[in-house]
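Before any comments, here is the structure.
Read the figures in this text as sums done on the coordinates, not as results from a lab. The structure presented is a predicted model; accordingly, all values stated were derived computationally and were not measured. Don't worry about glycine lacking a Cβ; one is built from the backbone with ideal geometry, like all the others, and counts go over all protein chains shown.
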Amino acid sequence: MHQISVHTQRAARALTAGLARPATLRARLARVLAHPLLAGAAPARASLCLTLTTDEEIHALNRQYRGKDKPTDVLSFALLEGERVWSPPGAPVELGDVVVSLDTARAQAARGALPRLASALGARPWGLSDEVSFLALHGLLHLLGFDHEGDAEAEVMEGLERSLLPALLGLRGAPRAARGGR
């Protein structure tokens with residue numbers, strides 16, 4: 001079982017109207033972690049933290065950790081950078097933190113899903129919970145070591161996002177993770 005915590009910073013609480021409950025966000029990320037497409041990348045038991053914040057806070061984090069003086073939609077802080085660490089048998093592997101700006105997510109949700117996701121969504125409407133879930137998925141993939149700096153890397157990561165989106169959102173016809181396993 002995965003341990004996924006969802007925290008909303010105090011300043012961001014006013015921005016949560018229309019957002020899925022933390023339990024729903026946890027369930028969505030757990031479905032992705034258990035997905036067969038991530039069998040080689042995701043540990044059988046993982047722990048991560050999703051923090052929902054404001055543009056002001058993510059701007060400060062982006063400036064401090066990436067040297068970019070502007071807000072962004074999502075940041076990932078991996079505890080493991082490709083290395084494996086020992087953990088007690090059965091204990092979850094600490095992946096790290098994903099931080100999502102609700103200000104930016106709301107603006108992006110109003111514009112609709114990214115065009116590259118259309119094939120996975122069909123005519124389904126796109127809302128704030130979908131955008132936050134997608135950004136959390138994007139951050140999770142970074143925690144698992146995926147990136148989009150080069151064209152080949154971007155193609156792999158974007159393909160995973162498209163393939164995992166139906167499971168993330170619980171869409172009908174999405175493949176289910178094997179029972180009893182990860």
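Side notes on the structure shown:
- Annotation: for a label point projected 7 angstrom from Cα along Cα→Cβ of residue 91, residues of region 46-70 with backbone N closer than 16 Å are 46-48.
- In the chain, inverting the average of 1/r over every pair of distinct C-alpha atoms gives 16.7 Å as the Kirkwood radius.
- Selected from 47, 129, 87 as most flexible by GNM, with the chain as the system and alpha-carbon contacts under 10 Å: 87
- Amide H contacts of residue 7 (H built 1.01 Å from N, under 5 Å, at least 5 apart or other chain): 50, 51, 52
- Neighbour-count order for 146, 134, fewest beta carbons within 10 angstrom listed first: 146, 134
- Amide H contacts of residue 2 (H built 1.01 Å from N, in plane; Pro and chain starts excluded): 46 sit under 5 Å, all sequence-distant by 5 or more or on other chains.
- Using 0.36 nm per residue and subtracting the Cα-Cα separation, the extra length available between residue 44 and residue 21 on full extension is 5.8 nm.
- GNM result for the chain, Cα springs below 10 Å: residue of 151, 97, 73 fluctuating most strongly: 151
- Length available on full extension from residue 37 to residue 80: 0.36 nm per residue minus the Cα-Cα distance, which gives 13.5 nm.
- The string of couplings for region 26-41 from the Karplus curve (6.51, -1.76, 1.60, θ = phi - 60°) is 4, 5, 5, 5, 5, 4, 5, 4, 8, 5, x, 5, 9, 3, x, 9 Hz, one whole number per residue in order, with x for Gly and Pro.
- Vicinal HN-Hα couplings computed from phi for region 138-150 (Karplus, 6.51 cos²θ - 1.76 cosθ + 1.60; Hz; Gly/Pro x): 4, x, 4, 4, 4, 4, 7, x, 7, 8, 9, 5, x
- With K and R counted +1 and D and E -1, the other residues having a Cβ less than 13 Å from that of residue 54 yield a net charge of -2.
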